[in-house]
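Every number in this text was worked out from the coordinates using simple rules, so none of it is lab data. Keep in mind that this is a model prediction, so the values were computed, not measured. Counting neighbours? That spans all protein chains shown, and the Cβs are built from the backbone with ideal geometry, glycine included.
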Amino acid sequence: MRQGAGTALLNAVSGHARAAGYGRIGLSTFRDIPFNAPFYARRGWRTVDPDTVSAALRARFLEEVPDGVSPGDRVLMVLQL
């Protein structure tokens, strides 16, 4: 797999989180941009339904939804560290 700037940034963030003792990290991205979710999935991230995660993670996901955007237009992804 090619390692560009995006992959290097993800590796740096996940390495820092792992070193800090986190067990997982999450992100949200737009569902309708065709390359977003596959980019993360190739790097081990998995899509999760916001209705099935902890209340804290769901709240954080909803906080990250930009004004005027439906939460359904976003996808929540997590990476187990």
Interchain or sequence-distant (5+) residues whose placed amide H lies within less than 5 Å of the amide H of R31 are R74, V75
Ordering 4-13, 63-72 by per-residue average of other C-beta atoms within 10 angstrom, highest first, gives 4-13, 63-72
Beyond 21 Å, the calculated P(r) of segment 5-80 holds a percent of Cα-Cα pairs equal to 28
So the angle from the long Cα axis of helix 55-64 to the longest Cα principal axis of the chain, reported in degrees to the nearest 10, equals 90
Taking 0.36 nm per residue of separation between A8 and E64 and subtracting their Cα-Cα distance, the length gained on full extension comes to 17.9 nm
Env charge @ P66, Cβ radius under 15 Å, K,R +1 / D,E -1, value -2
